[in-house]
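These notes concern the structure reproduced below.
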Amino acid sequence: MSETDATATSAHLRSSNAGEWARARSHPLIVRTADDSISASVFEGWVSINTHFLRTYRRFLMVMGTLAPDPRGSRLMFQGVQDMDEEIRQAEDFAAQRGINLDAPPSARSMDYSSYCMASVGQGWVRGLVVAFGVEALYYDAWASARASADETGRFWDYIDLWGSSYKADFVAALTVLVDRVELTPELERIFRSTIRLELSSWDEACGLAPAIAE
């Protein structure tokens, strides 16, 4: 399947979850960070939630690098580990400047998400790949939309620029190629949907919103 094929696995996963994609782009975390109206406490809370997830996600990518069926997939996952190291370093610097405790125990909602990712990779490469695609594609697309409208003088521009950057786009594109080699199954559709809903739930938590009820 080609990357532009509307019947490709990646395209189907996105289109069948169009509602979640639209909610991501219009989510208060994204919109208010982009227009710089988000409160400092909410954004700081998001950095804390996200850093907890990234520390687990880094381990997830390490396992994926060992499970990859070919060198291309393995290199991509270990490149992701290096990217996580830099992103975590930036978060730790941000936290140190603002007195944020990144070692506080995570919430139950945060644990649900990170545990889901690790459980999925424990079931093999393909399931883990679909989880990685869900995590990366939704996050990048939402922050890229924020980056397109945000002012570079905004308080949190550095994060918007990071999360919506070209290197994130390249990582998603590389994951897309791998996902399109996979035969779509109802199980993979379920895994993808659960992943993006857990991602959105973490955004809701940061903004003090109740979890959305799945239709």
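The values are calculated or read from the model by the stated rules, or taken from the named source; none is laboratory data. Computed from a predicted model, the values in this text were never measured in an experiment. Counting neighbours? That spans all protein chains shown, and the Cβs are built from the backbone with ideal geometry, glycine included.
The residues of region 118-132 that are without any contact (Cβ under 8 Å) to a residue 60 or more places away in the chain, over 15 Å from residue 182 (Cα atoms) and among the small types (Gly, Ala, Ser), listed by number, are 119, 122.
Can you go through 13, 29, 76 and tell me which one is modelled with pLDDT of 95 or more, over 18 Å from residue 197 (Cβ atoms) and among the hydrophobic types (A, V, I, L, M, F, W, C)?
On the way: 13 fails: over 18 Å from residue 197 (Cβ atoms); 29 fails: over 18 Å from residue 197 (Cβ atoms).
One residue alone meets the criteria, 76.
Could you list all residues from region 196-213 that are of a type outside the set (Gly, Ala, Ser) and in contact with a Ser or Thr (Cβ under 8 Å, 6 or more places away or on another chain)? Matches in region 196-213: 205, 211. Filtering region 63-89 to residues that are part of a helix (DSSP H, G or I) and in contact with a Phe, Trp or Tyr (Cβ under 8 Å, 6 or more places away or on another chain) leaves 64, 65, 67, 73, 76, 79, 80, 83, 84. Which members of region 7-19 meet the condition of being part of a helix (DSSP H, G or I) and surrounded by fewer than 20 Cβ atoms within 10 Å (Cβ to Cβ)? Correct list: 11, 12, 15, 18, 19. It is to be established whether one or more residues within region 77-84 are within 15 Å of the chain's Cα centre (by Cα) and either under 22 Å from residue 207 (Cα atoms) or in contact (Cβ under 8 Å) with a residue 60 or more places away in the chain (or both). So far as region 77-84 goes, yes, one or more of its residues are within 15 Å of the chain's Cα centre (by Cα) and either under 22 Å from residue 207 (Cα atoms) or in contact (Cβ under 8 Å) with a residue 60 or more places away in the chain (or both). Taking the listed residues 196, 213, the one that is of a type in the set (A, V, I, L, M) and either at pLDDT below 95 or loosely packed, with under 15 Cβ neighbours inside 10 Å (or both) is 213, with no other qualifying. I'd like to verify a number: residues in region 107-150 that are crowded, with 18+ Cβ neighbours inside 10 Å, in a helix (DSSP H, G or I), of a type in the set (A, V, I, L, M) and out of contact with any Gly (no Cβ under 7 Å at 6 or more places or on another chain), how many? Summing the residues that are crowded, with 18+ Cβ neighbours inside 10 Å, in a helix (DSSP H, G or I), of a type in the set (A, V, I, L, M) and out of contact with any Gly (no Cβ under 7 Å at 6 or more places or on another chain) in region 107-150 gives 9.
Residues of region 184-193 that are more than 13 Å from the chain's Cα centre (by Cα) and either crowded, with 18+ Cβ neighbours inside 10 Å or at pLDDT below 95 (or both): 184, 188, 191.
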